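Working notes for the structure below.
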Amino acid sequence: MSPLPRLRPFVMVVAAALALTGCGFDTSIGDGSNRARAQEIVDDIQSAIEEAESQNAEETGDFGEDPPAQTQAIRTDTNTAFVYEEYQATLEGVIASLDEFWARELPATFDATYTRPTRFVYYRPEQEPGPRCGSEEAPAKNAFYCSAGDFIAWDESGLMIPYYVSSGDFAAAFVLAHEYGHAMQFRLPQQEQLGVLRELQADCFAGAWARDVQEQGLLEAGDLDEATLAVFAARDVPGTPFTDPRAHGTGFERTRAFADGYEGGPGTCYPAPAEDWVVGVQQ
């Protein structure tokens with residue numbers, strides 16, 4: 001298969017403010033010669049959203065009980081036209097891969113019982129509200145795990161499709177892997193009390209899964225670049241204290257946690273090695 005292109009780094013910066021447990025999204029166009037190219041990508045994203053709306057009558061929906069097994073490489077050439085069916089198949093394949101990975105690793109590594117999250121829900125808040133999590137409304141431009149309903153949800157038009165088009169298929173896969181990591185936290189006996197450690201632990205779990213799919217030969221050139229940039233771009237605004245309940249970590253901290261999971265596997269992530277991941281934190 002042909003390799004994936006490298007990322008276009010001058011647009012699409014992921015914001016780190018998350019209402020529940022997920023990944024925020026924002027855009028940054030910049031100045032000068034980058035602006036015209038950035039506008040082209042923004043136009044591509046808008047076209048992709050319109051394509052999705054025309055091909056899928058559902059404004060909010062589930063991915064179903066049994067997504068197909070992941071048997072092909074996680075790939076989409078982000079320089080070509082957006083095809084909704086390919087995008088949806090990629091997300092379904094990622095969910096299937098995460099399901100297989102954690103069904104194996106949770107009992108083997110942590111001696112814990114694995115259960116699959118009950119639902120995987122996409123929503124388009126500009127058309128109708130997304131699924132509520134307890135008393136919380138589904139946030140726009142976000143993905144989240146809801147422990148109250150044990151489901152993972154994401155804003156399709158405001159987050160996932162733009163991220164998929166601009167940053168690559170494996171960047172979008174990272175969003176799902178991070179949220180799946182939050183779901184696994186609630187299946188383990190020890191919960192991190194500090195919010196930033198819960199977020200970094202989810203990054204670490206995502207890194208462990210990334211290593212697994214690479215060893216299966218399902219990644220292509222550029223995929224890990226996409227995931228690494230996604231992790232770094234989702235950093236906190238500089239100056240955010242690690243005690244802030246909404247903190248997700250600096251770019252260095254998030255990249256370090258993802259890399260630790262990639263290099264050491266899920267056991268490296270639990271319990272969270274606070275003194276290694278966050279400056280100023282002591283166990």
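The values are calculated or read from the model by the stated rules, or taken from the named source; none is laboratory data. As the structure is a computational prediction, the values presented were derived from the model and not from experiment. All Cβ positions, even for glycine, are placed from backbone atoms using ideal geometry, and neighbour counts span all protein chains on display. Remember, those area values only see protein heavy atoms, side chains included, never the ligands or the DNA or RNA. Shrake-Rupley method; radii C 1.70, N 1.55, O 1.52, S 1.80 Å.
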*Whole-Hz couplings from phi, Karplus 6.51/-1.76/1.60, listed for the stretch 146-156; x for Gly and Pro*: 10, 6, 4, x, 6, 9, 10, 9, 8, 6, 6
*For the stretch 172-187, what does the Karplus curve 6.51 cos²θ - 1.76 cosθ + 1.60, with θ = phi - 60°, yield as ³J(HN,Hα) per residue in whole Hz, taken in order and with x for Gly and Pro?*
5, 4, 4, 4, 5, 5, 4, 5, 4, x, 4, 4, 5, 4, 6, 9
*asked:* Probe radius 1.4 Å, ligands and nucleic acids left out: which of C146, C133 has the largest accessible area, and how do the rest follow?
replied: C133, C146
_Over the stretch 69-212, what portion of Cα pair distances is larger than 20 Å, expressed as a whole percent?_
48 percent
*asked:* For R187, R211, give me the order by solvent-accessible area with a 1.4 Å probe, most accessible first, ignoring ligands, DNA and RNA.
replied: R211, R187
_Bins of 5 Å, starting at 0 and running to the largest distance - Cα pair percent for the stretch 168-219_ = 5, 21, 27, 23, 13, 8, 3, 0
*asked:* Could you order the peptides 85-97, 162-174, 102-114 from most to least packed, using the average number of other C-beta atoms within 10 Å per residue?
replied: 162-174, 85-97, 102-114
